[in-house]
Each structure stands twice: as structure tokens, then as C-alpha cells.
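What follows is a short report on a single structure.
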Amino acid sequence: ALADAHGRVGASVEPFAALYPAFAGLDEPAALFHQSACQQQLRAAASALGRASAPSFAAKGSALEQALTAGSLEAAIDSLLTKDGTPRKFSEKIVGLEQVRAAQEAVLHIVAAQHQHAAWLYQQRMARLTRVLIAEFAALKRERGWVDMNDVERAALTLLTNPVLSGWVQERLDARIRHLLIDEFQDTNPLQWQALSGWLASYAGAGGTAPSVFIVGDPKQSIYRFRRAEPQVFIAAQAFVREVLGGDLLSCDHTRRNALQVTAAVNAVMLQAQQAGEYTGYRSHTTESDQPGAVLALPQIAREQTEAQAARDATLWRDSLTTPRELPEETLRTQECRQAAHWIAAQLAIGLQAKDVMVLARKRDRLAVMQEELQALRIPTQQPEKNDLADAPEVQDIVALLDVLVSPAHDLSLAQALKSPLFGVPDAELVTLALAHRIAAANGNRQSWFDLLQTAEDLPQRLKDTRPVLLRWQAWLAAWPPHDALDAIYHDGDVLARFAAAAPATQRAAVLANLRALLGAALSVDGARYTTPYGFVRALKAGGVRAPSRTDAKAVRLLTVHGAKGLEAPLVLLLDCDAPAPRAESMGLLVDWPGEARHPQRFVFLASETQPPACATGVLQAEQAARAREELNALYVAITRAQAQLVLSSIAPHRTSESSWWQRVGPQAEPVPSAPAPVAQSSREPEKSPFSIQILPLAGVDIESAATKIEMEAATPSVESRIGLALHRLLEWAPLSASPVAQWPAEQQRRAAREFDLTPAQTERAHTLALRIRNGAAAWAWNPDVVNWQGNEVELVQHGEVLRLDRLVRRRDGGHWWVLDYKSHSRPQTQAALVLQMQAYRSAVQAIYPGQTVRVALLTGEGAMVEIDAA
């Protein structure tokens, strides 16, 4: 936008006639082809080629003659140039070869002018489009009240440089600021520097009245060019501080972070690049550390063997419904991450702490594979960088549920929701539903899976049990705002507890955090004011909603090199060190903005870097040199994150690249054997975690035996279990009152009966038990004169274990906390498992309210209150 404001976008690519004087006065380069001088030159070349003895040369002469007769520039170019645009090779024995070469030069001249003209037209089209786009985006921001980073930067530039405003602003800055410290200055972009220099320039010659200015930065760590950060801005700032403000330049090449071997590797790599002319300004580093350290290299993952196996597998039949396609590159990436994970596991086995390990990669997709491999070895991991909430599998399951409730025809979303921990439907029963759908379609009944699920009678009982739940949730989503409906679904379906039970212990905290963040997202999308359920699902699928940042002090950190800047770890492992050089870009931008300039000198829309127009060649070369330097900067940042050990990992490339990190650092590294796969840890069996199934609300039953605890998830709820669930639901609805409850409203009894599929007699039994508990010895727990805080189905997490408290209250007299648990039996205190469970509840509440009294009791179906003593 700034470049456009100065009228420089359209002029950044010159018309062809400005670069090629021979075309002056012509509307397009092809016009030169039809001029008589060019025609004579080409006919002379055609005559010379036609007299050649070699048939192939004579054929080109004949083709050139026909092109001239037809007036076809394309045919003439094809006669003299190859498909790559280079001059064809003709024999030195051809009489008149100099005429042929002159004709080739003329055609090359026309082709270059055509290319320049096409680039100029493209620049004008993109400039017009950009002006409209900027105007429309600005209008949208005004309409929505949005402000982006560009607006903030341009507002600062205006305030600090505008002749009318800058004096007023600077006067107030003078009154408040005496010392100015700017850190990480190498990440500053030219626009930011123009705003800053516009302010600081006013202090030129001010002497003691100027604030002290201290700029800190390291051009070797400039790796944010995608944000327009430019190292040359740092160079311009250095010159400004010294020449305009009379400052000093201080340099430091001494570090306290890196061990001796790591520092030696940094010096060797950077000095070698400097000697080769790839880098400038590097001086050898020294270190405060006296640790020897180590630079290691894991064996490269062999490419040929994997690709050969993939070729053999391609000839075998694969059931695409059950066996995913694995591309060789994906297999290689998995093998690399698995080898690295096993090596890390071996280091942890001999005493290294997971928190002391940092894994770095250029791209986040490699970190996802690495996280899977580490988690398979039961090693805790975390990705502290910002991630998209929609990428989390647990969030995708909930989004699939919302999707099918909003759009019942989305069969795949229903299948995902049914298979998720929400319902736990196995594949065999999903196949039954799919077959029933196929049979119905063959009979002319084209129902969706959702509709068929509600009507088909020959389905497994587990699928039938989902009918009232899905219909109830669908009604909520249709009647309530997305947040309220989702909150009700979470509560009604015990969503958090179900997913916590299904998640491995090392992932449980992240799963719960993501699910809670999804609930929060329902309030953030469009401010929760205008969001429809359909719009909420679309917004989540579109991405852009950030997952919560989670810090685990005992986990391996997985970061991109950009995300690790400023961090450090005793051991740093670099993935994908032998990656090929990036391909040439297309449909990009070239911006030439010197650090001291007030606006860009050139702003080029470049269709392809492999065929740049003549006017952009110099700018492109400067851009490619800056990229190469930034690649070395990224390597410098990656190596210097390691305090003691640096470990390289890579896949054998198709072609060796001398500029890859593996080739640069490898000679300084000591080869190490890969660690063998740990048999016990690498097992993919479901892990034995301390998660206690008995307290999950998805069970909803009194857990009376170890056998029930083990089988509860898979077992079909018994009659007693459903009565127990109804009992809990009625007590959730019990009102706060000092008077006894005569009975629950008939509508609430009917709702409980429908929800848990109870007969009238079974409903009456649940109602009777609820009345006994509500009006029994613990009736005070519903008396507002006795309690000043109360909660039903209170969820706590302790040591990664989800606890569900039937009722938690605090008494007014003394502030004691009481944990109350409902049991339908008369003597539940005789069961050791229940006593231990209540003591765990006491411990969890005590941890939240240290120093306060916490008492626990079982409320029986006889109306008694049995207090459990402390262990």
C-alpha cells in the first residue's frame, strides 16, 4: 500500500521499449518481426540454412521460409530456437552461418522484449487489482472496526513523521521518555524503521536533551523475512546512531550458552561459508562454558531401500477401505522420526530429563510425526507454538458431531462422531449401519445414515441407544445459541470425562484443554452474537481458531526453528537436515527497499522466478542472495540453541546439496549408532495409566466390584445401572429449600424415564430412592440457610485423573466442605473400593482449599448419611 501511494507499483516494471531502444515507437515487440530490415535478415538466414547439405538443417531453413511467407513469428522462433529458448546449434560448415547467428540474435531480442512486455502487462493488471483489493479491505475493516498490524505501523509513521502532527507527538514523548531500548532489532521491517528514524532524527544535534538510545540486535539471527524483516535495516540503524546521534558501536562475540564443541561447530560452519563468499561479517565466537559438549549425527535414513519396497508394494492389491496409502516420502519421514524418538528414549533411560530435550524442524508437519513417535514411547511432549484448534483429533470429533446435527445428510460426520469416545461404536457396528443403508437404498429408500439410525430396527443395541441422545442434542442445537447448546452437550454427554478416559495419560491434559478451548471458541466466533450452529461449524472447519498454549515443564519441546528463537536446551535434535534446496517460487513479490529509503524502490509482481523479465533480474538476484543468507542465519540460530549436545538427523536426498545443513555441519559431527527400538516401550498396546474408570460419569452406576470397573465401558447398562443414573439426574434437579421435597414434578420424572429407558415401576423406584436421600439425614445439604455454596456433578482433575463428585457443598457454620456421594445400597461403606474413592475425593478438594476442613460422606438409598473417616 505504501509503495502504491507513491505511485511506484505500476512503474516497477518498465515497458519493453524503455529497455530495448530498437523497439521505440512500436506498440508490441512482434511488430519488429514484420519490419523490412528484420524480414531481410531472416530471409538471408533461411537461404543459408536451405543450402546446407545436412537434411535437418535444410528443413529448418525451409520452415523459416514458410514462417516468413505466412507471417508467423512463432514458427520463425521455432525454426531458430529450441523449446528451452536457446539458439539451435548449426554446423560451422554452413555457408553464411554468420547470417544465421545474426537472425538468432534478432529473434532472441524479440523474445526478450515479448517477455518484458508480458511482465509489464501483468504488473499493470496486478497493480489495478491490488488497488481495488486494498480499498475493499480498508472498507471492510472500517465496517467491522478492525485494526491490523499494518494499520498500527502506518499510524505510527504518520504520527511521527507528519509535519502537522509529529511536533505535538514528539513533544509528549520528550516529556515521558529518557531512555530508549530496542531489543531484537534485526527483526525490524523498513516501515517500522521509517517511523522510528523520523522521531529520532529530530534529536540530531540536541546534545544532552536527547534521550539515550540503545539498539540491540544480531543480523545473524534475522530469520523473519516472511514478515518483511530486513537485516539491511539494522545496518542503516547502525549508521544512523553513529553518524546522526553520535553513538558508539559495540560488538560481542562471546556467549555463555554453548559448550566448546557446539561453539567450534558454529565457527567452522560460518567461517567456511564466509570464505566461500556466501556470508559476510562473521567473527569467531568464544564461550564462557567449560563443558566439552558434543555434536552428533544419527545414521541417515536410506532412501533407495524404502522406495524399492514402495515399488514392490504398489504391485500388490491394497484394500483401500482398511489400508491407507503410504507414499515413500511419508514412510521416510516416519522412519526418521522413529529413529530419533528411539534415540531420545535411550538418552532418557540413562538419566536425561525430557524437559532438557528440544526437537527442531523447519516445518511443523515433521513435528507432528515426531510427536506421534514420542508419544508411542510414552514420552511426554509439547508444541508450545501456536496451533490450529481444528487440527486436534478430539476437536474434529466434536465438530463432526455438530456437523451432522446441523446437516443430517453428512454421513461421514456421523460415522466419525459415532466412532469417537462420545459413543465408542466399533467398526463392525458401523459396517452394519452402512449395509442397512445400502439395502434401504436398493429398495428405493434413500435415507441418510442419521435418518436410518432413527428408524431401522435391525441395528445393534449400542446404535439404538444413540437415538434419543442425538435427537436431544439436535433439538438443543436448533433452539439455543451454539455456546449454550455445546455446553449442554458437554454436560449431558460427559464429554470431558469420556475423552479423558480414552486419551493416553501423556496427552490427557492437552485433550481436555483443547475441548475446553472449543467451548470458549463458541463465544469468540463473531462475538457469539450472530453465530448460527452452521456458521460455527464452518468457522471451525475453515481454521484460524488457535489452540490453547500449554506449558509442560517435564515434556520434550517440539518447535520450528523460528519458534525456538530465544530459547535453549541442553540437548537439541535437528530433523530433516539434508533437505533439498527450495524450488523457485511463482506468483510472488519482489520488494527492493533499502534500509535508509523512505519507500520501496521497486515493487514487482513476479509470475515466475525461473523466467524473470530483464528489468527484474537484478532485484531477483538480490532476493535470492538474501534468502541464502537467511538460510545460514536459520542454521546459526538452530545450532546455537544447544547448550551441550547438538544432534543431526536426516533422510538421504535424491541429489546431494552442498548447501544443506547436513553437508555443512556433518563434517563437525561424530556419527552415532541409532538406538534399538525399546521393546517394552514401543508397544502400541493401550497403556496402563493411573486413570480410574470408576469415577467417570459415562458409567453412571454404582461401582461395586473390580470386575464391574474393568468391564463398565463395554457392558450394556443394566436395569439397576439405569435406575442409578435416573437417581443422580433427579438429585441434580433437586431445588434448594429448607422444606422436604414431596415429589419431583411429573415432567422431570418423565424426562428421566425417557433418558434412561425406564419402565413406570423402575421410574418410581428411582424417584423413591431420590426422595429418601433428599429428605434423609443429609437434607441440610439442600438447605440454603445451611450451605452457602453448592454444586452438582463437580469435575476435578488430580494427577491426570478425572474425578466426578455427585455433590459438593460448603456449610455456612465454619465453612467446612462436604463431598456427598449417592449410593442406592444400604451399606456402601463396607466396600473398600468406595472408601478409597471417597478418600481420593477428599484429597482432591483439600488440594484446592488447603488449610480448610473437607469431610466426605455416602448418602444411601435408605436416607442415611455415612461419613468416611480420613485414611
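The values are calculated or read from the model by the stated rules, or taken from the named source; none is laboratory data. No experiment lies behind these values; they were computed from the predicted model shown. Here Cβ is always computed from backbone atoms with ideal geometry, including for glycine, and neighbour counts include all displayed protein chains. Remember, those area values only see protein heavy atoms, side chains included, never the ligands or the DNA or RNA. Shrake-Rupley method; radii C 1.70, N 1.55, O 1.52, S 1.80 Å.
Table for the structure above
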{"item": "Sum of side-chain charges, A239 neighbourhood, beta-carbon under 15 Å (Lys, Arg +1; Asp, Glu -1)", "result": "-3"}
{"item": "Whole-Hz couplings from phi, Karplus 6.51/-1.76/1.60, listed for segment 133-150; x for Gly and Pro", "result": "4, 5, 5, 5, 5, 5, 5, 5, 5, 5, 5, 8, x, 8, 9, 9, 5, 4"}
{"item": "Solvent-accessible area per residue, Å², over the chain with all protein chains present [probe radius 1.4 Å]", "result": "50 Å²"}
{"item": "Cα long-axis angle, helix 508-524 against the chain (0 to 90 degrees, to the nearest 10)", "result": "80 degrees"}
{"item": "Only Lys, Arg (+1) and Asp, Glu (-1) charged, at Cβ; segment 158-210 dipole about Cα centre in debye", "result": "220 debye"}
{"item": "Unit charges on C-beta of K, R, D, E only; dipole of segment 432-580, Debye", "result": "80 debye"}
{"item": "The chain, accessible surface, carbon-and-sulfur percent (1.4 angstrom probe)", "result": "54 percent"}
{"item": "Reach of K823 by Cα under 20 Å, taken over lysines that are not fewer than 8 positions away in the same chain", "result": "K709"}
{"item": "Lys/Arg +1, Asp/Glu -1 at C-beta; segment 36-123 dipole; positive extreme among V107, A75, G96", "result": "G96"}
{"item": "Expected 222 nm ellipticity per residue - DSSP helices of 4 or more, -39500 (n - 2.57), all of the chain, to 500", "result": "-15000 deg cm²/dmol"}
{"item": "GluC sites (Glu not before Pro) restricted to segment 585-621 and DSSP loop, no more than 10 other C-beta within 10 Å", "result": "none"}
{"item": "Ordering of 265-271, 140-146, 570-576 by burial proxy (mean other Cβ atoms within 10 Å per residue, highest first)", "result": "570-576, 265-271, 140-146"}
{"item": "Built amide H within the under 5 Å cut-off of D578, gap 5+", "result": "I651, W662"}
{"item": "Dipole magnitude of the chain, debye to nearest 20 (Cβ charges: Lys/Arg +1, Asp/Glu -1, about Cα centre)", "result": "520 debye"}
{"item": "Top positive-direction residue, dipole computed over the chain with Cβ charges, set A354, G588, L573", "result": "G588"}
{"item": "Protection proxy ranking of 115-128, 245-258, 750-763 - average other beta-carbon atoms within 10 Å, highest first", "result": "115-128, 750-763, 245-258"}
{"item": "Rounded tilt (10° steps) of 533-542 against the dominant C-alpha axis of the chain", "result": "50 degrees"}
{"item": "Extreme residue, positive dipole direction of the chain, given options A417, Y636, A746 (C-beta unit charges)", "result": "A746"}
{"item": "Rounded if a/c under 1.5, otherwise prolate or oblate - the chain, Cα gyration tensor axes", "result": "prolate"}
